[in-house]
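First comes the structure, then the notes that go with it.
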Amino acid sequence: MSKLIVKAENLTKTYKLLAEDIKAVNNIDLEISSGEFVSIMGPSGSGKTTLLDMIGCLDSITSGRLEILGNDVSGKKESKLVKIRRGNIGFIFQDFSLVPSLTALENIQLTLHFAAVKQETQKSIDLLKRVGLGHRINHLPRQLSGGEKQRVAIARALATEPKFLLADEPTGHLDTENSQEILNIFKQLNQEKGLTIIVATHDAELGSQAGRIIYLKDGKIVSK
Amino acid sequence: MNIISIAYKNLKRKKIRSGLTIGGVAVAVAVLVSLLGFDKGYRQSLTSSIDKMGYQLLVTAKGCPYEAATMMLKGGGGLRYMEQDVYEKISSDSRIDKITPQLIATVYDPNKENGQGGFALYMGIADSYLTLKPWTKFKSGGWFSSETADEAIFGYEAAEFEQRLVGDKIFIPNINKVLTVVGIFERTGSQDDGTIFLPLKTTQTIFSLPDKLSGIGIKLKNLSDIAEFEESLYNEPSIQIISMSQVRGTILNLVSSAKVLANSIAVIAIFIAVIGVVNTILMSVFERTREIGVMKAIGASRMDIFKLIWTETILVCTFGGILGSILALLGSSVVEKIIKGVLPYAPSGQLVLIKPSLLLEALIGAIILGVVSGIYPAWRASSMIPVEAIRTGE
Ligand SMILES: Nc1ncnc2c1ncn2[C@@H]1O[C@H](COP(=O)(O)OP(=O)(O)OP(=O)(O)O)[C@@H](O)[C@H]1O
Ligand SMILES: [Mg+2]
């Protein structure tokens with residue numbers, strides 16, 4: 001059996017509000033193995049982002065158990081979570097989240113700079129070529145199309161050679177054609193490199209092409 | 001990829017806002033540099049002005065010491081007169097190295113100040129005057145032909161101003177006297193430059209001040225004798241004695257009260273600049289909350305974020321420091337004019353002295369300003385929780 005990337009038992013996240021407590025993620029049991037392409041689907045407010053944030057070690061968990069890459073993250077705060085996150089997890093956001101003042105190349109160099117990786121420039125150029133943007137390296141984000149921006153973001157997420165990719169609504173701001181292109185890159189990365197990819201999405205097309213689909217409703221898994 | 005260039009690019013995103021903040025720092029730095037430059041320059045030119053008088057002590061007729069101090073620097077002695085026998089009495093003292101009598105006379109000249117009328121000032125001097133100021137040279141002509149000659153010597157600027165050459169005749173209004181210009185001094189950088197000199201005896205005669213003097217300049221053989229020497233003259237009823245170091249102190253005192261005010265303005269300017277810097281950087285941190293959250297998500301450590309914001313602040317202040325130094329240099333002549341108009345007494349020479357070392361100090365000061373004001377915004381940015389920061393921007 002292949003290595004476990006995610007292992008969750010009774011995983012719960014509660015947001016305490018004045019009037020009520022919201023169980024955004026409610027008692028979830030989940031295992032994701034290395035090499036899987038998983039999509040998390042469900043209606044708005046069902047807890048997809050919340051689950052993804054906990055898996056990405058961006059947010060602390062309220063109760064239950066969560067192991068990421070073999071590290072127990074239960075009860076851990078940001079200062080500990082950052083150590084698990086750095087270099088191990090690649091993030092892709094719905095709105096691309098590139099630094100607007102930096103070019104495509106510099107956006108990737110910045111990530112490598114944070115990770116203290118040497119030979120930033122050559123590696124960054126190679127990464128951009130891999131997502132088909134070798135001709136756009138000196139463009140600022142505002143000089144790129146949405147699809148190109150998301151490809152830069154993917155190149156950035158791959159820069160530190162992470163153990164798995166997390167993408168929250170990666171095609172939410174893209175048209176069908178660009179969405180398909182992103183999906184193709186994901187499939188290629190998953191099939192050729194065996195990279196584990198976890199995507200939260202509303203996009204039925206994207207969702208259905210994943211190896212496994214997890215449906216969430218009101219913070220609970222309704223089918224795996 | 002270095003952090004300074006990232007920080008610089010971030011500042012460029014809001015050019016106007018960054019520019020205004022840099023401008024604020026620049027103004028504060030410029031004010032401070034000008035004030036410090038003035039302090040140095042004023043002290044220096046006052047000291048050199050006093051040294052160029054050639055004497056350490058001035059004996060004058062009794063009168064208001066402040067008025068006397070100012071008058072004397074403007075040309076030598078309060079306009080009260082003492083008897084010449086005081087000079088004879090003092091000059092025999094063995095502690096004296098050099099001594100010279102002088103007599104200042106004024107005359108109302110209706111043509112002065114472009115026809116508005118004003119007082120023309122003449123200074124009667126004796127041969128010994130030059131021994132007290134051995135550095136004085138003639139630009140043209142030479143010394144009076146005799147002690148009673150109807151002749152005049154012009155200071156450099158006085159000659160320039162009135163466009164006089166050796167051989168010209170000058171007319172002294174009211175007393176209807178014509179004198180011949182026999183010499184013009186080289187520039188000395190002292191009040192002498194603007195003075196018209198006559199022989200002492202001639203002055204006494206034509207202005208009807210027989211046997212009168214307005215001042216006696218004295219240089220002692222030994223500086224340490226000053227106190228003792230002054231004391232020995234206390235019992236002379238009609239005179240007072242002013243030492244140059246005392247004059248210097250008095251003037252610096254007058255100036256220092258004005259400086260307290262100016263310094264507090266500088267402190268306020270710096271305070272406002274710091275608030276401006278902190279405000280600008282904090283604002284940009286809050287605007288970039290989501291971006292900072294994303295940077296943390298993709299691997300930036302607290303230290304990375306802290307350094308980035310800190311660098312931005314230090315950059316703003318460094319640019320401000322450089323700009324402020326340039327402003328201070330360019331504006332020093334303007335500041336000089338303003339100060340000269342305001343001061344009770346302005347010595348000749350450069351009043352605002354801005355040396356490279358002062359500019360370096362100012363720049364270092366500005367950087368320290370950045371280091372200090374950057375701490376809070378940088379700390380705020382670095383302690384953002386990524387998940388909250390990312391959701392804030394949505
Ligand atoms: N910081 C928060 N404080 C309080 N409640 C929150 C917070 N974040 C999310 N929630 C709530 O938790 C639930 C799950 O939110 P989440 O963002 O995970 O949903 P989602 O499935 O990603 O929805 P969408 O498809 O719209 O992105 C929602 O009811 C939401 O209102
Ligand atoms: Mg969501």
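The values are calculated or read from the model by the stated rules, or taken from the named source; none is laboratory data. These figures come from a predicted structure and were not determined experimentally. Every residue, glycine among them, receives a Cβ derived from its backbone with ideal geometry; neighbour counts consider all protein chains shown. Accessible surface areas use protein heavy atoms only, side chains included; no ligands, DNA or RNA. Shrake-Rupley method; radii C 1.70, N 1.55, O 1.52, S 1.80 Å.
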**Asked** For region A:112-144, how many residues are open to solvent by 20 Å² or more (accessible area, probe 1.4 Å), more than 9 Å from chain B (Cβ to nearest Cβ) and aliphatic (A, V, I, L, M)?
**Response** 5
**Prompt:** What is the one condition in (1) crowded, with 18+ Cβ neighbours inside 10 Å; (2) touching a residue at least 40 places away in the same chain (Cβ under 8 Å); (3) of a type in the set (A, V, I, L, M, F, W, C) that B:ILE265 does not satisfy?
**Reply:** (1)
**Asked** With respect to the numbered conditions (1) over 25 Å from A:THR111 (Cα atoms); (2) in contact (Cβ under 8 Å) with a residue 12 or more places away in the chain, which one is the sole condition not fulfilled by B:LYS337?
**Response** (2)
**Fill in**
Within region A:64-75, residues being surrounded by fewer than 17 Cβ atoms within 10 Å (Cβ to Cβ) and closer than 24 Å to B:ALA389 by Cβ number 3
**Request:** Report yes if B:LYS259 is free of Cβ contacts under 8 Å to residues at least 12 places away in the same chain and assigned by TED's automatic domain parsing to the domain that holds B:VAL29, otherwise no.
**Result:** no
**Asked** Quick check, is A:GLN109 touching a residue at least 12 places away in the same chain (Cβ under 8 Å), open to solvent by less than 50 Å² (accessible area, probe 1.4 Å) and either in contact with an Asp or Glu (Cβ under 9 Å, 6 or more places away or on another chain) or within 13 Å of chain B (Cβ to nearest Cβ) (or both)?
**Response** yes
**Message:** If B:GLU312 meets every condition in (1) under 30 Å from A:SER101 (Cα atoms); (2) away from every other protein chain (no Cβ under 14 Å) apart from one, which number is that one?
**Reply:** (2)
**Asked** Does region B:1-11 hold any residues that are at the interface with chain A (Cβ under 7 Å from one of its Cβ atoms) and open to solvent by 40 Å² or more (accessible area, probe 1.4 Å), and which are they?
**Response** B:MET1, B:LYS9
**Request:** Kindly list the number of the only condition in (1) polar (S, T, N, Q); (2) away from chain B (no Cβ under 12 Å); (3) in contact with a helix residue (DSSP H, G or I) (Cβ under 9 Å, 6 or more places away or on another chain) that fails for A:SER79.
**Result:** (2)
**Prompt:** Does region A:153-166 contain at least one residue that is open to solvent by 10 Å² or more (accessible area, probe 1.4 Å), of a type outside the set (D, E, K, R) and without any contact (Cβ under 8 Å) to a residue 40 or more places away in the chain?
**Reply:** no
**Prompt:** Within region A:15-37, can one find any residue that is among the polar types (S, T, N, Q) and in contact with a helix residue (DSSP H, G or I) (Cβ under 9 Å, 6 or more places away or on another chain)?
**Reply:** no
**Complete:** Among A:THR171, A:THR201, A:THR196, the single one that is in contact with a Lys or Arg (Cβ under 9 Å, 6 or more places away or on another chain), within 16 Å of ligand 2 (Cβ to nearest atom) and open to solvent by less than 30 Å² (accessible area, probe 1.4 Å) is A:THR201
**Asked** Out of curiosity, is B:VAL277 more than 14 Å from every other protein chain (Cβ to nearest Cβ) and either without any contact (Cβ under 8 Å) to a residue 40 or more places away in the chain or open to solvent by less than 20 Å² (accessible area, probe 1.4 Å) (or both)?
**Response** yes
**Boolean, A:THR171 is within 16 Å of ligand 1 (Cβ to nearest atom), on the phi < 0 side of the Ramachandran plot, under 17 Å from the mean Cα position of the chain (by Cα) and away from chain B (no Cβ under 13 Å)** = yes
**Request:** Take region B:219-233 and flag every residue that is closer than 15 Å to B:MET244 by Cβ and more than 30 Å from the chain's Cα centre (by Cα).
**Result:** B:ASP225, B:PHE229
**Request:** Being free of Cβ contacts under 8 Å to residues at least 24 places away in the same chain, under 30 Å from A:LEU112 (Cβ atoms), within 14 Å of another protein chain (Cβ to nearest Cβ) and over 36 Å from the mean Cα position of the chain (by Cα) narrows it down to one of B:MET295, B:MET303, so name that one.
**Result:** B:MET295
**Asked** What tally of residues in region B:329-383 results from selecting those that are farther than 15 Å from B:ALA30 by Cα and of a type in the set (Ser, Thr, Tyr)?
**Response** 6
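A quick yes/no check of all residues on (1) among the charged types (D, E, K, R); (2) open to solvent by 30 Å² or more (accessible area, probe 1.4 Å):
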| residue | (1), (2) |
| --- | --- |
| B:GLN350 | no, yes |
| B:LYS355 | yes, yes |
| B:GLU361 | yes, yes |
| B:ILE367 | no, yes |
| B:GLY370 | no, no |
| B:ILE375 | no, yes |
**Message:** Residues that are more than 24 Å from A:ASP218 (Cα to Cα), of a type in the set (Ser, Thr, Tyr) and away from ligand 1 (no atom under 16 Å from the Cβ): list the strands (runs of 3 or more DSSP E) wholly contained in region A:1-111 that include at least 1 such residues.
**Reply:** A:21-33
**Asked** Among all residue pairs at least 6 apart or on different chains, which show Cβ distances below 6 Å where the first residue, located in region B:375-388, is among the β-branched types (Val, Ile, Thr) and within 16 Å of ligand 2 (Cβ to nearest atom) and the second is open to solvent by less than 40 Å² (accessible area, probe 1.4 Å) and part of a helix (DSSP H, G or I)?
**Response** B:VAL387/A:ASP53
**Asked** Being open to solvent by 40 Å² or more (accessible area, probe 1.4 Å), within 16 Å of ligand 2 (Cβ to nearest atom) and out of contact with any Pro (no Cβ under 7 Å at 6 or more places or on another chain), is that true of even one residue in region A:77-84?
**Response** no
**Spans of helices (runs of 4 or more DSSP H) in region B:84-189 with at least 1 residues surrounded by fewer than 18 Cβ atoms within 10 Å (Cβ to Cβ) and touching a Phe, Trp or Tyr at 6+ places or on another chain (Cβ under 9 Å)** = B:112-115, B:128-132, B:156-162
**Prompt:** Among the residues of region A:24-46, how many are crowded, with 24+ Cβ neighbours inside 10 Å and within 10 Å of ligand 2 (Cβ to nearest atom)?
**Reply:** 1
